[in-house]
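Notes follow once the structure below has been shown.
Each reported figure results from applying straightforward, stated rules to the coordinates on display, with no laboratory input. Just so you know, these numbers come straight off a predicted model, no measurement behind them. Ideal geometry is used to build each Cβ from the backbone, glycine not excepted, and the neighbour counts take in all protein chains shown.
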Amino acid sequence: MGNDRRLLVIAHRGGNTDAPENTLASFKSAISHHVDGIETDLRVTKDGVVVLHHDPTINKHDKKYPIGQLTYEEILRLQPDVVTLEQFISFVDHRAQMMLEIKEMAAVPGTIKIVKRHLADGYKPGEFIFASFQFDVLKKLQLAFPNIELIVLEKWSGLRAFRRAKALRTPYLSMDQRFLWWGFVRLVSGRYRLFSYPFPNRFKGRHVRPARWQIHGLHGVITDKPAYFK
């Protein structure tokens, strides 16, 4: 049977077609394409600032500078376009759901503090969704925010993803699209809401594959190229 439900489109790190990923410029581009959500990565600096950056290091001058060993001011001197979680939430300003992937346990306390403050200021729980590859991170966030949905991130193991989703009582999964095929998508869609996320090398245009999985029940696509889908 086909599925005529609209595929949700989530801009992966804001996308990388028009601007560097995880920057205000990339988020602006994503919003211009009317995406359903924007995915971004959370880490924390030496002085406790929650920042948006995928890799654990700032790479410059052929050196790698660990984010956790730098203050936010030092990071800006190395890479001026690094955005804080506070800046991200203010910039999105209710225009898309914010999918926050927490990369490390150290970023959890600051994330909890910031999100709680914005909820108190009028944001709705549905404007946020937390994602992580780390079960302990998701569990801690669930205790702090029982009304905010969680996404279990998994590279290839459906069994591990199902086990964690069951323990967390969440229907949301996100898996590397390289390890997905239409039969698995159809099987999973009867019980879970499955997102696909892109392989970093984008392997020559295969970012379009999830568009064909919609009829098999794919819930959403986390994509570097939101313009293609929207």
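Computed from phi, the 3J(HN,Hα) profile of segment 32-39 under the Karplus parametrisation 6.51, -1.76, 1.60 (θ = phi - 60°) reads 5, 8, 6, 5, 6, x, 10, 9 Hz, with x in place of Gly and Pro. May I ask you to derive the FRET efficiency for PHE184 and SER90 from their Cβ-Cβ distance with R0 = 41 Å, giving the value to the nearest 0.05? Between PHE184 and SER90 the formula returns 0.60. Ranked for footprinting exposure by Cβ neighbours inside 10 Å, fewest first, THR223, THR170 give THR170, THR223. Remark: segment 222-229, residue by residue, has Karplus-estimated 3J(HN,Hα) of 9, 10, 6, 10, x, 4, 4, 8 Hz, where x stands for each Gly or Pro and the curve is 6.51 cos²θ - 1.76 cosθ + 1.60 at θ = phi - 60°. Here's the list of lysines a cross-link from LYS166 could span, going by alpha-carbon distance under 18 Å and ignoring same-chain residues fewer than 8 apart: LYS139, LYS140, LYS155.
You can think of it this way: the chain between LYS63 and GLN134 has 22.8 nm of extra reach, that is 0.36 nm per residue less the Cα-Cα gap. For ARG117 and LYS28, what is the calculated FRET efficiency with R₀ set at 41 Å and r taken between the beta-carbons, to the nearest 0.05? With R0 = 41 Å, the Cβ-Cβ based efficiency is 0.95.
Rounded to the nearest 500, the 222 nm mean residue ellipticity of the chain from helices alone is -9000 deg cm²/dmol, with -39,500 (n - 2.57) taken per DSSP H run of at least 4 residues.
So what's the angle, to the nearest 10 degrees on a 0 to 90 scale, between helix 108-120 and the longest Cα principal axis of the chain? Between helix and principal axis, roughly 80 degrees. Neighbour counting of Cβ atoms within 10 Å sorts the residues VAL137, VAL188, VAL221, fewest neighbours leading, into VAL188, VAL137, VAL221.
Taking θ as phi - 60° and the Karplus parameters 6.51, -1.76 and 1.60, the scalar couplings of segment 65-70 work out to 10, x, 4, x, 10, 10 Hz in sequence order, x denoting glycine and proline.
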